[in-house]
Each structure stands twice: as C-alpha cells, then as structure tokens.
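The block underneath contains the structure these notes are about, expressed in structure tokens.
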Amino acid sequence: MKSLVFLLLLAVASARVYDRCEWARVLKANGMHNYRGNSLANWVCLSKWESNYNTEAINHNSDGSTDYGIFQINSRWWCEDNRTPGSRNACGIQCSELLTDDVSIAINCAKRVVRDPNGIGAWVAWRDHCQYQDVSSYVAGCGV
C-alpha cells in the first residue's frame, strides 16, 4: 500500500501543464501530425478542450468511469484504474500512467483510440469544439 501511495505521489509530482505551442511541438515530434488523417491543429484543439494541456487532469463521469490525463483517456475503454467495473483496457496501461509528464504513454494510447471506428470523434470535446471548425489558430505562430 505504501508503494502505491508513493507511486501516486510521484505521478502527481511529475505532472505538467504545457503551453499551446510547446504541446504542438511535442505532438509533432511524436508523429501526431496527420496521424490517421487528423491534423496537428485538431490534436492541439482536442487537448485544449479536454484538459487545458494538463497531464494531471482527472474527470469523474456519471457512469462511474474516469477520464485521465492530457487527452482525458477513459477508464471504461482504454486504461485500468482498478475502480471501473468491466474495463476493457484496450491500451493495456494503468490509468495512473496517463498522469505524468511522460506523455509518450498518453500519445500512444491516443493513437490506439483513433484506430477504433469512431476515430478522433471518440472525444466529445473534439466533436463539440473542433469538428467543422477552423482549428488553424491552435498551431498558429508555433513554427510547426
């Protein structure tokens, strides 16, 4: 139990809030530009509205699941938090791994999410704030 508490404290201690352009550069460096047909601007827009670029963001949903990290990855489908009954854990990760500044784990899981039939539309915030919008401002001035 003490080791679990230590790991959770470590995860929180190493969390990070990115600025827009820094996050755009990280996404680009990790192969997200045009990944599965989604522009870098769409990924930045999605992250803005899901977490405000915060790796430690957590949202508890009315269905008992929880969304974790900068992409708000859901515990019912994509990660295991040991609290969500029937979790599919399609990314094969612990949800706590999404709360650190090692965003490669979150990015790899986001890539897994968009390979599903809903694609980037799996994220409600993207559908509500980015879909059918000119999202170019999310990468404007970032040099990406």
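The values are calculated or read from the model by the stated rules, or taken from the named source; none is laboratory data. Keep in mind that what you see is a predicted model, and the values were worked out from it rather than measured. Every residue, glycine among them, receives a Cβ derived from its backbone with ideal geometry; neighbour counts consider all protein chains shown. Accessible surface areas use protein heavy atoms only, side chains included; no ligands, DNA or RNA. Shrake-Rupley method; radii C 1.70, N 1.55, O 1.52, S 1.80 Å.
Per-structure values
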{"read-out": "Residue within region 54-75 that is assigned to a helix (DSSP H, G or I) and open to solvent by 60 Å² or more (accessible area, probe 1.4 Å) present", "value": "no"}
{"read-out": "Selection within region 99-138 - touching a helix residue (DSSP H, G or I) at 6+ places or on another chain (Cβ under 8 Å), assigned to a loop (DSSP other than H, G, I, E, B) and open to solvent by 20 Å² or more (accessible area, probe 1.4 Å)", "value": "Thr100, Asp116, Gln131, Gln133"}
{"read-out": "Near pairs, Cβ below 6 angstrom, 6+ apart or cross-chain, from region 16-27 (at pLDDT below 95) to any residue that is part of a loop (DSSP other than H, G, I, E, B) and surrounded by fewer than 19 Cβ atoms within 10 Å (Cβ to Cβ)", "value": "Arg16/Asp101"}
{"read-out": "Residues within region 21-53 that are assigned to a helix (DSSP H, G or I) and open to solvent by less than 80 Å² (accessible area, probe 1.4 Å), tallied", "value": "17"}
